[in-house]
1. How many residues, within the stretch 305-354, are assigned to a loop (DSSP other than H, G, I, E, B) and either modelled with pLDDT of 90 or more or within 16 Å of the ligand (Cβ to nearest atom) (or both)?
2. In the stretch 378-491, which strands (runs of 3 or more DSSP E) lie fully inside it and hold 1 or more residues that are surrounded by fewer than 21 Cβ atoms within 10 Å (Cβ to Cβ) and touching a His at 6+ places or on another chain (Cβ under 8 Å)?
3. Which condition breaks for Ala156 when tested against (1) more than 16 Å from the ligand (Cβ to nearest atom); (2) in a helix (DSSP H, G or I)?
4. Considering every residue within the stretch 204-217, establish whether at least one is within 16 Å of the ligand (Cβ to nearest atom), aromatic (Phe, Trp, Tyr) and at pLDDT 95 or above.
5. Would it be correct to say that Ala164 is away from the ligand (no atom under 16 Å from the Cβ), farther than 18 Å from Asn305 by Cα and crowded, with 22+ Cβ neighbours inside 10 Å?
6. May I ask you to list the residues in the stretch 129-153 that are part of a loop (DSSP other than H, G, I, E, B), more than 16 Å from the ligand (Cβ to nearest atom) and on the phi < 0 side of the Ramachandran plot?
7. Of the residues Ala452, Ala484, which single one is at negative phi and touching an Asp or Glu at 6+ places or on another chain (Cβ under 8 Å)?
8. Looking only at the stretch 90-113, decide whether some residue is over 30 Å from Ala24 (Cβ atoms), touching a Phe, Trp or Tyr at 6+ places or on another chain (Cβ under 6 Å) and in a helix (DSSP H, G or I).
Amino acid sequence: MDIEEFRRRGKEIVDAIADYHMTAPQRRPWTNLTPGYLSELLPDSAPELPESWDDIRKDIDRAIIPGLPQATVNPHFHGFFPLGFSFPSALGEMLSEGLGVVQFMWRSAPACSELETLVMDWLGKALNLPRAFLSKDDEGKLQSGAGVIQGSATEAILVAVLAARKRAAFKLREKRRDLSEQQAAGKLIAYASEYVHTAFQKCCMIAGVRYRTLPTDDDFSLRGESLKKAIEEDLQAGLTPFFVCATLGTTEFCSFDNLVEIGPLCQEYDAWLHIDAAYAGSAFICPEFRHYADGWEFSDSFNFNAHKMLLTSTGCSCMWVKNRKAVTEGLDSGARPTYSRPSEEESDKVIDYNLWQVPLGTKFRSLKLWIVLRFYGISGLQKIIRQTVELARKLQSYIADDERFRIAAKPHFGLVCFQLKGENELNRELFVRLNKSGKLLIGWADVRGIFALRFSVNAAQTTESDLQFAWGVIRDTAEEILKAHEEHSPN
Ligand code: PLP
């Protein structure tokens with residue numbers, strides 16, 4: 001494809017994307033295809049000879065687009081936490097791809113590396129994160145903290161676990177010189193709530209460290225008492241507590257661990273505190289929601305996904321650390337490709353993000369985030385968050401006004417878990433029927449044995465009238481189910 005054809009095809013693709021968004025409300029929010037559908041539409045080997053762009057485009061429309069769920073574009077999609085999208089972000093992504101940038105060291109793309117540090121400072125300030133997480137102090141001097149954009153919250157947890165593992169194994173070996181680094185790591189143990197995202201277990205497994213998930217209180221919150229008990233038991237058993245992953249906004253119910261209690265314990269026992277706020281973190285750009293993060297000053301690392309509520313597309317998980325050296329040491333195997341080593345005069349002036357993340361090279365992730373922050377401004381993003389909360393409150397009021405329903409877990413931000421009063425089976429039936437209808441998509445949650453409907457509001461695409469539509473469908477479907485049950489009841 002030469003430059004002129006690219007110019008023409010590129011414009012067509014932008015038109016196709018715009019049409020896709022315009023027609024989204026008319027499509028099913030979730031695909032009803034069966035597994036393996038694609039192998040019936042596409043050949044099982046790559047073509048020997050080049051194919052025309054027109055033929056490729058036809059197959060995109062025929063085979064690929066129908067297999068895409070509508071999570072980011074459809075106003076009736078309430079199944080997952082929002083998966084961020086906005087047109088400015090899409091333009092940033094296109095630019096990043098089109099400029100062909102790869103970042104693996106400062107010199108490979110200085111704008112990329114410096115914009116990442118800058119935009120993470122902007123966002124850190126917008127969240128009012130503790131100053132120690134920013135790259136510069138009040139006088140503008142470089143300090144030990146800074147932000148990095150990871151591809152996912154899972155990668156952020158992994159990086160934090162690896163940094164904490166190296167630090168803790170080093171300290172343990174100072175006391176126990178007989179232990180190798182591997183043996184020391186074998187004595188470490190990490191903790192999180194029973195409602196932590198399974199990313200935590202996956203990361204501990206990859207890092208080769210033990211972990212425990214701990215009971216929570218009636219609000220599904222991990223409390224200090226539960227953590228202290230586990231730590232004391234493990235110390236007795238000869239283990240070394242080294243890492244706690246606290247969640248602000250759990251996936252299941254959007255519950256919040258108690259940082260004010262957990263934080264001081266982490267300091268007392270010298271454990272790294274990581275905060276996973278993948279979903280809820282965006283909301284802290286609104287001052288009225290920051291109380292949810294009380295105690296975050298105790299943490300060593302914090303992350304949230306801008307690609308959830310902050311209108312930025314996937315691959316934009318924002319992570320801040322207070323001690324960047326701990327991170328780079330944690331991920332440094334000692335072996336480094338010669339081409340990715342900074343020159344001596346550069347090494348203490350620049351951030352080489354390749355030692356902050358699992359891959360060596362990444363895309364220009366900061367560009368779309370910087371564009372989104374500028375295009376909407378903090379006030380525009382706050383507006384979206386507040387609309388999300390407002391719509392979720394509306395849904396709660398519909399539920400409260402209908403005596404056949406009840407809230408199943410205390411709602412926070414855009415997540416509302418509720419149920420039709422009665423047996424789990426009734427709610428399972430409601431869930432299946434709703435999703436089969438093709439009119440909307442919702443999720444479900446297990447609220448300590450209760451099958452609840454899990455409704456995620458995404459104000460970036462859903463309006464109040466969409467919400468009223470969804471509630472109408474839920475109410476009518478529930479009515480049909482209740483009626484059918486009454487007719488079949490023996491009395
Ligand atoms: N942590 C929480 C609280 C989540 O809700 C999720 C996903 O929704 C994750 C972690 C995993 O996110 P990612 O796909 O960015 O790894």
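1. Selection size over the stretch 305-354: 9.
2. Correct list: 441-447.
3. In the conditions (1) more than 16 Å from the ligand (Cβ to nearest atom); (2) in a helix (DSSP H, G or I), Ala156 misses (1) alone.
4. yes
5. It is true that Ala164 is away from the ligand (no atom under 16 Å from the Cβ), farther than 18 Å from Asn305 by Cα and crowded, with 22+ Cβ neighbours inside 10 Å.
6. Scanning the stretch 129-153 gives Leu129, Pro130, Leu134, Ser135, Asp137, Asp138, Glu139, Lys141, Gln143, Ser144, Gly145.
7. On inspection, the qualifying residue turns out to be Ala452.
8. Scanning the stretch 90-113, I find at least one residue that is over 30 Å from Ala24 (Cβ atoms), touching a Phe, Trp or Tyr at 6+ places or on another chain (Cβ under 6 Å) and in a helix (DSSP H, G or I), so the answer is yes.
The values are calculated or read from the model by the stated rules, or taken from the named source; none is laboratory data. Owing to the predicted nature of the structure, the values given are computational and were not obtained by experimental measurement. Here the Cβ is made from the backbone with ideal geometry for all residues, glycine too, and neighbour counts use every protein chain on show.
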